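Notes follow once the structure below has been shown.
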């Protein structure tokens, strides 16, 4: 499944983003829209495999998702849509463009202060 | 406001250090794809990515295309498969250069694999490069290879509602070809109009055309489309022409097969 390739790319980005930062990678925040062609469940399962041996080996993956919305080029209305039916809800036109829902983003990484972890042990 | 930025998610452990990134997950592949596209543009080559389920007739279409294209359009092919060199060998037998990419296990081509294969492709003696992606209607759709156009194939022996079942791939197609239409008299339940409706419901106005590589039926409309895209890409390139050389700084030791 391509979700594993995507996790590998994700972990390379996390590595680069946290290089030079102290602390443990605790949470990785991503946005996966319903039109992005990536299954959130598969991504979670792939993440559990891919994070082994990386800076993110103890991290959780937090997946946010913006709804699929289109903007109609004929009547200007914005509609919430399903992935295989991107028609305007007001006028029925297929001449729409995606306003949200196709994102596949690394939003950010949350690191835990190692000192806090040690004192809590 | 914050449906998609993640700030509505519950806080992590106490006093987390937050590193904001806001980058596309596939940014590295996108960069490699842009690099490929620059190579194509530098050589005035049209790059076309063909995608479909296994067995929809990508290789057969390329064989028929190699036979039918006149001397005025020179084509080359990159073929992606998990294993074997069979498809590249088939295409080479028609007198055009073809390079096989064997992915090992990867279910899709990516920009790095294409870049690696391009080193064996004589771009300076080509007008069109066809990239035959791995047969798969799911994964290839997510990976930009640096192509100028995407073509999706759907054969008459498949379901006519497949565009609705595989929306990402068909939504991104610049042309949808309904292949093997020579079999239509024997099948009876494939409705090309339904396939087209499914494509339109993906907000995609791409042409949907039936043809047969084997019988040659409507093949000319495909060749005309290729010629038109080549002209369009070349005239855009002329309009934006800025000549620059760029150093090739990537490490040739990187492996791209997975």
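Readers should treat all values here as calculations from the given coordinates under stated rules, not as data from a laboratory. Being a predicted model, the structure only gives us computed values, none of them experimental. Backbone-built Cβ (ideal geometry, glycine too); neighbour counts: all protein chains shown.
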**Message:** Tell me the Kirkwood radius of chain B: reciprocal of the mean inverse pair distance over distinct alpha-carbon atoms, in Å.
**Reply:** 19.8
**Complete:** Here the whole-number average of other chain Cβ atoms within 10 Å per Cβ of A:95-107 is 4
**Prompt:** What FRET efficiency do you get for residue B:72 and residue A:75 if R0 is 30 Å and r is their Cβ-Cβ distance, rounded to the nearest 0.05?
**Reply:** 0.10
**Request:** Using DSSP, restrict attention to beta bridges with both residues in chain B and report what percent are antiparallel, rounded to the nearest 5.
**Result:** 0
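Using a 10 Å cut-off on Cβ to Cβ distances, tally the other chain neighbours for every residue of A:30-43 and report the average as a whole number.
For peptide A:30-43, the averaged partner shielding equals 3.
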**Item:** Relative contact order (%) - chain B, alpha-carbon pairs under 8 angstrom, separation at least six
**Value:** 21
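Between residue B:82 and residue A:97, what is the FRET efficiency for a Förster distance of 41 Å, r being their Cβ-Cβ separation, to the nearest 0.05? Kindly include the intermediate steps, with their values, before the conclusion.
Values: r = 35 Å, r/R0 = 0.86.
Working from the Cβ atoms, E equals 0.70.
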**Prompt:** Remind me, relative contact order of chain A in percent, using alpha carbon pairs under 8 angstrom and six or more residues apart?
**Reply:** 34
**Item:** Rel. contact order, % - alpha carbon contacts under 8 angstrom, at least six apart, the range B:148-231
**Value:** 31
**Prompt:** Between the range A:1-23 and the range B:162-181, how many Å separate their Cα centres?
**Reply:** 32
**Asked** How big is the Cα convex hull of the range A:40-121 in projection, averaged over all directions, in nm²?
**Response** 7.7
**Request:** Please figure out what share of the DSSP beta bridges in the protein assembly as shown is antiparallel and state it in percent, rounded to the nearest 5.
**Result:** 40
**Fill in**
PRE zone check, label point 7 Å out along Cα-to-Cβ of residue B:236, amide N under 12 Å, scope the range B:141-159, hits B:147-150
**Request:** Let me see the pair-distance distribution of the range A:2-73: every alpha carbon pair, 10 Å bin width, integer percents in order.
**Result:** 19, 49, 22, 8, 2
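Let a ≥ b ≥ c be the square roots of the eigenvalues of the Cα gyration tensor of the range B:59-129; is it rounded (a/c under 1.5), or, if not, prolate (a/b larger than b/c) or oblate?
Judged from the Cα gyration tensor, the range B:59-129 comes out oblate (a/c at least 1.5, b/c at or above a/b).
Rounded, prolate or oblate for the range B:88-134? Axes are the square roots of the Cα gyration tensor eigenvalues, ordered a ≥ b ≥ c, and the cut-off for rounded is a/c under 1.5.
Here the range B:88-134 falls in the oblate category.
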**Prompt:** What nm distance separates the two modelled labels at residue A:90 and residue B:187, each placed 7 Å from Cα along Cα→Cβ?
**Reply:** 4.0
**Request:** Work out, step by step, the length gained on full extension between residue B:125 and residue B:197: first 0.36 nm times the residue separation, then minus their alpha carbon distance; give nm to one decimal.
**Result:** 22.0 nm
**Asked** Across the protein assembly as shown, how large is the tail of the calculated P(r) beyond 30 Å, expressed as a percent of all Cα pairs?
**Response** 46
